[in-house]
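Each remark here refers to the structure printed beneath this line.
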């Protein structure tokens with residue numbers, strides 16, 4: 001196992017209430033990432049793939065769109081992979097994540113009448129891919145996030161009488177319970193440690209407060225999961241996760257934040273609509 005004594009010792013202390021940062025997630029990619037071993041860089045790539053996911057969704061609609069440069073791939077590379085897969089070609093998993101190849105292939109082969117949301121399908125593939133990671137902490141982080149997101153979606157779906165099964169993403173025991181259980185707690189109170197916290201968070205109507213509580217839950221989970229990790233890649237990955245949370249909050253004032261989260265709720269309400277690409 002690689003140890004990063006000087007690197008970790010040089011990382012600043014972070015709190016969720018920080019109002020300014022000396023550097024960003026993008027800076028991390030250029031300043032810290034190169035100093036990691038090849039295997040540990042691949043772990044970090046799992047985090048940055050979230051930006052590639054968004055970029056692929058954009059480029060499938062418009063190959064000339066400006067993409068988020070924090071991803072692992074350039075617009076030129078992504079457009080090349082998309083074109084290859086569209087024409088029926090294959091891209092090596094060593095060059096391009098297999099789940100993204102699968103998603104792009106599905107995008108071009110999915111029937112017009114399909115009601116599958118692109119974002120949900122991609123999220124399911126992404127989580128499944130990341131959870132197969134051999135690093136226990138990193139795999140657990142993605143599973144934790146999938147669980148948190150699915151439970152909150154299930155609460156919302158039940159409240160508005162939507163189809164819960166259609167909105168749950170993934171294929172874990174928690175996913176199955178959310179899709180099939182009629183119990184108030186979906187039978188998860190004793191299975192998911194943070195279930196009661198999520199229930200309370202789901203009842204918060206002020207969207208900014210709700211999201212803050214969620215990030216606090218995530219932050220605490222990270223701290224607890226890496227408590228005994230001192231100079232390891234887990235500590236560095238945890239730092240990156242927390243850095244991104246702070247960066248996101250600093251970039252949002254309260255009004256913009258409320259607009260963002262209202263748009264998220266609105267998109268959930270429209271989940272049964274067929275994506276325009278398939279019409």
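Every read-out reported here was derived from the displayed coordinates using simple, explicitly stated rules and does not represent laboratory data. Just so it is clear, the structure is predicted and the values come from calculations on it, not from any experiment. Cβ sites come from the backbone with ideal geometry, for glycine too, and all protein chains shown count toward neighbours.
Note on residue 38 and residue 143: their simple-model spin labels are 2.9 nm apart, each label 7 Å out from Cα toward Cβ. Please report the spacing between the Cα centers of segment 172-195 and segment 75-91 in Å, no decimals. After rounding, the separation between the Cα centres reads 39 Å. As a calculated quantity, the FRET efficiency between residue 50 and residue 184 at R0 = 22 Å, using C-beta atoms, amounts to about 0.10.
At a threshold of 8 angstrom on Cα-Cα distance, excluding pairs fewer than six apart, so keeping six or more, what relative contact order does segment 5-278 reach in percent?
Working: 215 pairs, mean separation 67.2, N = 274.
The normalised contact order for segment 5-278 reaches 25 percent.
For the pair residue 161 and residue 206, the difference between a 0.36 nm per residue extended length and the Cα-Cα distance amounts to 14.1 nm.
The alpha carbons of segment 5-278 give a radius of gyration and a Dmax of 19.2, 55 Å, in that order. Under Stokes-Einstein, with the Kirkwood radius over Cα pairs as Rh, the value for segment 121-222 at 25 °C and 0.890 mPa s is 174 µm²/s. Arranged from fewest to most other beta-carbon atoms within 10 Å of their beta carbon, 96, 137, 227 become 227, 137, 96. Between the beta carbons of residue 110 and residue 8, assuming R0 = 30 Å, the FRET efficiency works out to 0.10 to the nearest 0.05.
Segment 115-155 and segment 203-254 have Cα centres spaced 17 Å apart. Once the Kirkwood radius over Cα pairs is known for segment 31-185, the Stokes-Einstein relation at 37 °C and 0.692 mPa s delivers a diffusion coefficient of 192 µm²/s. Once the Cα-Cα distance is subtracted from the 0.36 nm per residue extended length, the residue 176 to residue 136 segment shows a gain of 12.2 nm.
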